[in-house]
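The values are calculated or read from the model by the stated rules, or taken from the named source; none is laboratory data. Worth saying up front: this structure is predicted, and the values here are computed from it rather than measured. Glycine also receives a Cβ, built like all others from the backbone with ideal geometry; neighbour counts cover every protein chain displayed. Accessible surface is based on the protein model in full, side chains and every heavy atom, while ligands, DNA and RNA are left aside. Shrake-Rupley method; radii C 1.70, N 1.55, O 1.52, S 1.80 Å.
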Amino acid sequence: MSFKFCFLGTGTSQGVPLIGVDYPDDFLNDPKNNRLRPSIYIHTDQTSLVVDTGPEFRLQMLREKIRWLDAVLITHAHADHIMGMDDCRRFCDLRPSKTLPVYAIQESMDLLRKIFFYAFREGPHPAGYFVPEPHIVNSEFQIGDLTIRPQLLDHIYITSCGYLFIQNGIKKLAYLTDCKYISDQVFEEVREVEVAVLDGLRLRPHPTHMNLDEALVAADRIRAKQTYLTHLTHEYNHHVHQAQISQHHPTVQLAWDGLWVEIS
Ligand SMILES: [Zn+2]
Ligand SMILES: [Zn+2]
């Protein structure tokens, strides 16, 4: 029973590098410092899904040669997490149903319905269009061999929905991005998960995201076997900051685009 996932993107909302910023050559020459907008692809024997469809979704699907999706899960409706959603049309076209299940909490689904109004309307769609099958997330649900538990996260101006993926009774992955605070209830749910992915935006504090110190405190509390930080700004120079983090937190890694993680 396999479970693996890929970091499609690990960058903050504007990506890294930023438009109009000059960087030292050695910074940009490290592929781990080039970060597309954040999302993951999960693949098991029975299930293929993505969490979020950022602005580079199409490029990420081509890069990882992904040809099939069973579902899209959305954390929240900020642009960096949803603006590639229309490119799901290709996956609709490849599926016999010509539709694609989209999972989101009510607040996010209401926003998706406004932004992609032409796709979420009732009635027939022309061939080749994006035709979502909306599923409101409010409790545990099942996709293929995965049991998925939503984890509501405080992103200050909006609620983000993290996801805990359970396979065969084992808590495999907690994907908790875009949050300033994690509630006691969520900590309890995801505790000792095999792999945790946490929002670790940058070094300095930020009003709506956890910074490095806050993410490390959360990682210590969750006690995953392995923790990855994502949604990273250009304040992180991968090899420099990874070395610093590893000194005191050997199980915490800065994620990078294209990283595949297999969870046994
Ligand atoms: Zn974001
Ligand atoms: Zn956000």
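Which residues does a label at residue 192 reach in region 207-227, if reach means a backbone N under 16 Å from a point 7 Å past the Cα toward the Cβ?
Counting only backbone N, you get 220-226.
Using alpha carbons only, how many degrees (0 to 90, rounded to 10) separate the axis of helix 238-248 from the longest principal axis of the chain?
The answer is roughly 70 degrees.
Within the chain, what whole-number % of the accessible surface is contributed by carbon and sulfur, with the 1.4 Å probe and all protein chains included in the calculation?
Details: 6090 of 11740 Å².
That share works out to 52 percent.
Measure up 4/98; 98/172; 32/225 against 24 Å on the Cα-Cα distance and list the ones that go over.
On the way: 4/98 26 Å; 98/172 30 Å; 32/225 22 Å.
In this structure, 4/98; 98/172 lie more than 24 Å apart at Cα.
Between residue 183 and residue 251, what is the label-to-label distance in nm when each label sits 7 Å out along the Cα-to-Cβ direction?
A separation of 2.5 nm, rounded to one decimal place.
In degrees from 0 to 90, rounded to the nearest 10, what is the angle of the helix 212-222 Cα long axis to the longest principal axis of the chain?
The answer is roughly 70 degrees.
So how much slack lies between residue 23 and residue 97, counting 0.36 nm per residue of separation and subtracting their Cα-Cα distance, in nm?
22.0 nm
Where both residues lie in region 3-262, what percent of DSSP beta bridges are antiparallel, nearest 5?
Values: 32 of 55 bridges.
Roughly 60 percent of the DSSP beta bridges within region 3-262 come out antiparallel.
From Cα coordinates alone, what are the radius of gyration and Dmax values for the chain in angstrom?
Gyration radius and largest Cα-Cα distance of the chain: 17.6, 57 Å.
Can you pull the one-decimal nm distance between simple spin-label points at residue 264 and residue 129, each 7 Å off the Cα toward Cβ?
Distance between the two pseudo-spin positions: 4.9 nm.
Any idea how far apart residue 68 and residue 145 come out in nm if each label point goes 7 Å out from Cα toward Cβ?
1.3 nm
Helix 106-115 against the longest principal axis of the chain: what's the angle in degrees, Cα atoms only, rounded to the nearest 10?
70 degrees
Normalising by the residue count of the chain, find the relative contact order in percent from Cα pairs under 8 Å and 6+ residues apart. Present the calculation step by step, with values, prior to reporting the outcome.
Values: 597 pairs, mean separation 50.7, N = 264.
Relative contact order here is 19 percent.
Based on Cβ point charges of +1 for Lys and Arg and -1 for Asp and Glu, what charge dipole magnitude is obtained for the chain about its Cα centre, in debye rounded to the nearest 20?
Values: 25 positive and 33 negative charges, 102 e Å.
The dipole magnitude comes to about 480 debye.
For region 170-216 and region 85-156, write down the distance between their C-alpha centroids in whole Å.
24 Å
Could you provide, to the nearest whole Å², the per residue accessible area of the chain with probe 1.4 Å?
On the way: 11740 Å² over 264 residues.
Using a 1.4 Å probe on heavy atoms only, each residue of the chain averages 44 Å².
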